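Student: Right, I'll just put the structure down here and ask away after.
The values are calculated or read from the model by the stated rules, or taken from the named source; none is laboratory data. Predicted, not measured: the structure shown is a model, and the values here were computed from it. Because the Cβ atoms are built from the backbone with ideal geometry, glycine has one as well, and the counts that use them run over all protein chains shown. Protein only, heavy atoms only, side chains kept; ligands, DNA and RNA dropped before computing areas. Shrake-Rupley method; radii C 1.70, N 1.55, O 1.52, S 1.80 Å.
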Amino acid sequence: MIIAIDGPTASGKGTVAAGVAKHYGLKRLDTGALYRAVGLAVLDAGGDPADPAAGVAAAETLDLGAIDERRIRSSAAGLAASKVAAIPAVRAVLRKAQRAFAADPAGAVLDGRDIATVICPDAEVKLFVTADLKVRTERRLKELRGRGESIEFDALKAQIAERDERDMTRADSPLRQAPDAHLLDTTHLSIEASVEAACRIIDAALARPGT
Ligand code: C5P
């Protein structure tokens, strides 16, 4: 069984994906981490994340087992990720890795921006997780400050809005809700309530005849 979860930055999709994977005993791929790792590798090499040659070189040499989980979570890595993610040749390289992960017969949960629309269009269940911009900024602010990064609310809100805009308007695999995806708005939900709501949606979808 493949569960595809998409949504904008800090919508809660990662938390929901982790909770759902645990609940159903499936492995999970946070596909944003791949784009973050590629963006960070370009920055580390002193390159421009908008440069296709630099992005492709970093994507092709990406070692999934060696991703620095702490460093890829910085706001700089997130911003660089959204720039390399707009380069079709980078997406083509990372698409292969994501599809290979999803091909495991044991099933999987994948979360990102184009999972239900491009990577796993035949997923058994699709979720589109969202929340309003103010709440998403508050969540990300808490996370970044918890990691010792000092950033102001307004600057972060503008940065998230910039990433949303770039993700939704790029030509290749833009962020959008698949027509057959279930909408989950986590604006007023706790982490536990978000995961419970997702599991209810998934159970209902799986119980429907023909699925
Ligand atoms: O989800 P996260 O914030 O970690 O993703 C970082 C960036 O990676 C996003 O802003 C987006 O530009 C890109 N991304 C993508 N497609 C995915 C996952 C992430 O374009 N499937």
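Student: GluC sites (Glu not before Pro) within the range 117-178: which are DSSP loop residues with at most 16 other Cβ atoms inside 10 Å?
Tutor: Answer in residue order: GLU124, GLU149, GLU152.
Student: Quick check: at a probe of 1.4 Å, how many percent of the accessible area of the range 84-195 sits on carbon and sulfur atoms?
Tutor: About 55 percent, which is the carbon plus sulfur part of the accessible surface.
Student: Additional query: Sum -39500 (n - 2.57) across every DSSP H segment of at least 4 residues in the chain, then divide by the residue count to get the 222 nm mean residue ellipticity, nearest 500.
Tutor: Mean residue ellipticity at 222 nm (helix-derived): -16500 deg cm²/dmol.
Student: Measuring from a point 7 Å past the Cα of MET1 along Cα-to-C-beta, which residues in the range 167-211 have an amide N at less than 11 Å?
Tutor: Zone members listed by number: 199-208.
Student: Kindly count the pairs of lysines across the range 2-207 whose alpha carbons are less than 13 Å apart, treating pairs on different chains or eight or more residues apart as eligible.
Tutor: 4
Student: Packing-wise, with mean Cβ within 10 Å as the measure, how do 3-11, 196-204 rank, highest first?
Tutor: Per-residue Cβ counts within 10 Å, averaged per peptide and sorted highest first, yield 3-11, 196-204.
Student: So, one more: Determine the relative contact order of the range 2-207: mean sequence separation of Cα pairs under 8 Å and six or more apart, normalised by residue count, in whole percent.
Tutor: Here the relative contact order equals 34 percent.
Student: Turning to a different aspect of this structure: How large is ³J(HN,Hα) for each residue in the range 56-69, as worked out from phi by the Karplus curve 6.51 cos²θ - 1.76 cosθ + 1.60 (θ = phi - 60°), to whole Hz, x for Gly and Pro?
Tutor: Each residue of the range 56-69 in turn: 5, 4, 5, 5, 5, 9, 5, 9, 4, x, 10, 6, 7, 3 Hz.
Student: Can you list residues from other chains, or at least 5 along the same chain, whose modelled amide H is less than 5 Å from the amide H of HIS182?
Tutor: LYS126, LEU127, PHE128
Student: State, to one decimal in nm², a quarter of the convex hull surface area for the C-alpha atoms of the range 1-104, i.e. the direction-averaged projected area.
Tutor: For the range 1-104, the mean projected area of the Cα convex hull comes to 6.5 nm².
Student: Now for a different question. Of HIS23, HIS182, which has the most accessible area and how do the rest follow, probe 1.4 Å?
Tutor: Ranking HIS23, HIS182 by accessible area, largest first, yields HIS23, HIS182.
Student: So, one more: Once Rh for the chain is found with the Kirkwood sum over Cα pairs, what is the Stokes-Einstein diffusion coefficient at 37 °C and 0.692 mPa s, in µm²/s?
Tutor: Answer, rounded: 190 µm²/s.
Student: With a probe of 1.4 Å, find how much accessible area the chain has per residue, and write the answer as a whole number in Å².
Tutor: Spelled out: the 1.4 Å probe surface of the chain, per residue, equals 47 Å².
Student: Where in the range 96-132 does the label zone of ALA205 land, with the point 7 angstrom along Cα→C-beta and an amide N cut-off under 12 Å?
Tutor: 109-111, 115-117, 120-129
Student: Here is a further query. Quick one: check the C-alpha center-to-center distance for the range 113-128 versus the range 14-85, whole angstrom.
Tutor: 19 Å
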